[in-house]
1. I'd like the full set of residues that are without any contact (Cβ under 8 Å) to a residue 40 or more places away in the chain, farther than 19 Å from residue 270 by Cβ and small (Gly, Ala, Ser), limited to the stretch 152-175.
2. Can you find a residue that is β-branched (Val, Ile, Thr), surrounded by fewer than 18 Cβ atoms within 10 Å (Cβ to Cβ) and either modelled with pLDDT of 95 or more or outside the structural domain of residue 50 (by TED's automatic domain parsing) (or both) anywhere in the stretch 151-161?
3. Among (1) surrounded by fewer than 18 Cβ atoms within 10 Å (Cβ to Cβ); (2) outside any loop (DSSP other than H, G, I, E, B), where does residue 94 come up short?
4. Identify, please: which residue in the stretch 237-248 is in contact (Cβ under 8 Å) with a residue 12 or more places away in the chain and out of contact with any Phe, Trp or Tyr (no Cβ under 9 Å at 6 or more places or on another chain) and is, among those, surrounded by the fewest Cβ atoms within 10 Å (Cβ to Cβ)?
5. Considering only residues of the stretch 195-214 that are in contact (Cβ under 8 Å) with a residue 60 or more places away in the chain and closer than 19 Å to residue 15 by Cβ, which is surrounded by the fewest Cβ atoms within 10 Å (Cβ to Cβ)?
6. Out of 201, 234, which single residue is farther than 22 Å from residue 72 by Cβ, assigned to a helix (DSSP H, G or I) and among the β-branched types (Val, Ile, Thr)?
7. Among the residues of the stretch 35-69, how many are out of contact with any helix residue (DSSP H, G or I) (no Cβ under 7 Å at 6 or more places or on another chain), surrounded by 14 or more Cβ atoms within 10 Å (Cβ to Cβ) and over 20 Å from residue 195 (Cα atoms)?
Amino acid sequence: MKKTVSRARQPEEMRARLAQHYEALVEMAFHAMARLSADADPEALHDLRVSLRSQRVLLVAFRCRASVAEASGRLAEAARLSNAVRDLEVSLVWADSLLAETGVGTEARQSLAEQLAGARAELMAGLQHARLDEALVDAELAWFKALNRIGRKALLRSVRQRALRLSTRMNKACRALPKEGAALSDWHPVRLLGKRLRYWVEGFSECLPRGQRRLAKPLRFLQLSLGNLQDLAVLQGRLAEGDAPPAEWLTAIGRHQAKSECAAVKALAELKPQLAKARRRH
């Protein structure tokens, strides 16, 4: 009798934990929006973007529902509005680091800061026009309705199959990398697929077997290294659009790029065995 009751509770417990996770993401988004409006926290935009991406990943499980697809699209629109500001924020962080490291580049750093101030003003206007607060509420309602209507077995099957597909695609992308001298464009599909797989594993950890859950940690390390490579490339592009950047900055950027690529290669070596295990059917 006790075993029967325990098994009967499992679907409701799983739904409850998923519901709590989504609710926490929505609260995170509203809190980040408040901090962003007050311009009081440099991490506000990062938190908002993480929340929006995490919500959209969870919504993918029910994208066949029109209400879910529409809600996800509105969240994606808001996320796109923040891309330019996010890139400038990260470029400014790198600029501060390069200025401290080399002792030169004050004018280049000031130029980035001025661009960021203008982009932030445009972002706030864009988010108001997109009615992000309403979009968050609508998405949450669509999520809860879809979650409550799907059976436990159907949800587990869907979530695990997508994790398996993403793992397979990630493995193929890794195998396609050149053995030596991979360019940023070679790393690009690995970075994107790794980000999708990581957010899926983290978002649906309640539904996944241990082998797939264990992918989260090596994926985070890989994403950090590849993110640095991408951010440094963005910074280089912005510097090239203005006056000639300090030569010391370009030299330092090259060093950081080499360091980040080495870290990515190491993270990839740790990830590959985990991918092989995760791709086995459970």
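The values are calculated or read from the model by the stated rules, or taken from the named source; none is laboratory data. Since the model is a prediction, treat every value here as computed from it, not as a measurement. Cβ coordinates were reconstructed from backbone atoms using ideal geometry, including for glycine residues, and neighbour counts include every protein chain displayed.
1. 154, the sole residue that qualifies.
2. Scanning the stretch 151-161, I find no residue that is β-branched (Val, Ile, Thr), surrounded by fewer than 18 Cβ atoms within 10 Å (Cβ to Cβ) and either modelled with pLDDT of 95 or more or outside the structural domain of residue 50 (by TED's automatic domain parsing) (or both), so the answer is no.
3. Going through the list (1) surrounded by fewer than 18 Cβ atoms within 10 Å (Cβ to Cβ); (2) outside any loop (DSSP other than H, G, I, E, B), residue 94 breaks only (1).
4. 243
5. My answer is 209.
6. The match here is 234.
7. Residues in the stretch 35-69 being out of contact with any helix residue (DSSP H, G or I) (no Cβ under 7 Å at 6 or more places or on another chain), surrounded by 14 or more Cβ atoms within 10 Å (Cβ to Cβ) and over 20 Å from residue 195 (Cα atoms): 1 in total.
The rows are residues; the columns are (1) under 30 Å from residue 139 (Cβ atoms); (2) modelled with pLDDT of 95 or more.
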site	(1), (2)
75	yes, yes
92	no, yes
100	no, yes
119	yes, no
